[in-house]
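Asker: Take this structure, written in structure tokens, and hold onto it; I'll ask about it next.
The values are calculated or read from the model by the stated rules, or taken from the named source; none is laboratory data. Because the structure is predicted, anything quoted here is derived from the model rather than measured. Using ideal geometry, Cβ is built from the backbone for each residue, glycine included, and neighbour counts are taken over all protein chains shown.
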Amino acid sequence: MAEPISPQQRERLDYAPLPVFRFHVSFRRQALGHAAASGAELPICQGAFSECTGLEATMEPKVIKVGGANYGAVQRAGPVSFATVVLKRGMTRTRDLWNWFSMVGGGAYAYRLMVEIELRNARDEAVVRWALRRALPVKFKAADLNARGNEIGIEELHLAHEGLVLLPVSGG
């Protein structure tokens, strides 16, 4: 049984940089309108991802020039926009990513997924969790084919979403 962590040790751990090579991505169904009421199920994506980029939100400040204030303008909070999140993984025989993209591209726009991305520590415990609200696949890219190469094929899924949220970690 491990010894309990003292408050001083806990504080040092809280401020220590986290390695970013261990993460888990999960998908949950978030249907809209008629699809939500019908209970139609969407095959949820399976598999591990080797890379996740685009976890960012940007707020564009509104600049207000105040009369009589010659030193500078006043900055106010403006609209927030979210980057497209790109998930990459080694190509597999499963077609879950393609099926979701194809389904939405074919008119089933109501199928949105809640995507949760967990950063995990060496003991495989979640230490940071983000959620992409109402994610929508906007681009699917299959691996480049090259008869001279010997690399692993990488497929990509680009996700637009309506909100990046930092979630509480269970037990933390």
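Asker: Quick test for you: out of 156, 116, 125, 162, pick the one residue that is surrounded by fewer than 15 Cβ atoms within 10 Å (Cβ to Cβ), within 27 Å of residue 80 (Cβ to Cβ) and either of a type in the set (Asp, Glu) or touching a helix residue (DSSP H, G or I) at 6+ places or on another chain (Cβ under 8 Å) (or both).
Answerer: On the way: 156 fails: surrounded by fewer than 15 Cβ atoms within 10 Å (Cβ to Cβ); 116 fails: surrounded by fewer than 15 Cβ atoms within 10 Å (Cβ to Cβ); 125 fails: within 27 Å of residue 80 (Cβ to Cβ).
Unique residue meeting the criteria: 162.
Asker: Can you find a residue in the stretch 116-136 that is at pLDDT 85 or above and over 23 Å from residue 22 (Cα atoms)?
Answerer: Among the residues of the stretch 116-136, at least one is at pLDDT 85 or above and over 23 Å from residue 22 (Cα atoms), which makes the answer yes.
Asker: Considering only the stretch 72-91, how many residues are in a loop (DSSP other than H, G, I, E, B) and farther than 17 Å from residue 52 by Cα?
Answerer: 5
Asker: Name, by its number, the condition in (1) more than 19 Å from residue 51 (Cβ to Cβ); (2) assigned to a loop (DSSP other than H, G, I, E, B); (3) not aliphatic (A, V, I, L, M) that does not hold for residue 99.
Answerer: With (1) more than 19 Å from residue 51 (Cβ to Cβ); (2) assigned to a loop (DSSP other than H, G, I, E, B); (3) not aliphatic (A, V, I, L, M) applied to residue 99, the lone miss is (2).
Residues are listed down the side, and each one gets a yes or a no for (1) exposed (fewer than 13 other Cβ atoms within 10 Å of the Cβ); (2) within 22 Å of the chain's Cα centre (by Cα); (3) among the aliphatic types (A, V, I, L, M); (4) at pLDDT 90 or above:
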{"site": "81", "(1), (2), (3), (4)": "yes, yes, no, yes"}
{"site": "93", "(1), (2), (3), (4)": "yes, no, no, no"}
{"site": "148", "(1), (2), (3), (4)": "yes, no, no, no"}
{"site": "151", "(1), (2), (3), (4)": "yes, no, no, no"}
{"site": "170", "(1), (2), (3), (4)": "yes, yes, no, no"}
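Asker: Further, regarding this structure: Please verify whether residue 56 is exposed (fewer than 13 other Cβ atoms within 10 Å of the Cβ), modelled with pLDDT of 90 or more and within 30 Å of residue 151 (Cβ to Cβ), treating the condition exactly as stated. Walk me through it before giving the result.
Answerer: Details: exposed (fewer than 13 other Cβ atoms within 10 Å of the Cβ): yes; modelled with pLDDT of 90 or more: yes; within 30 Å of residue 151 (Cβ to Cβ): yes.
Considered against the rule, which asks whether it is exposed (fewer than 13 other Cβ atoms within 10 Å of the Cβ), modelled with pLDDT of 90 or more and within 30 Å of residue 151 (Cβ to Cβ), residue 56 comes out as yes.
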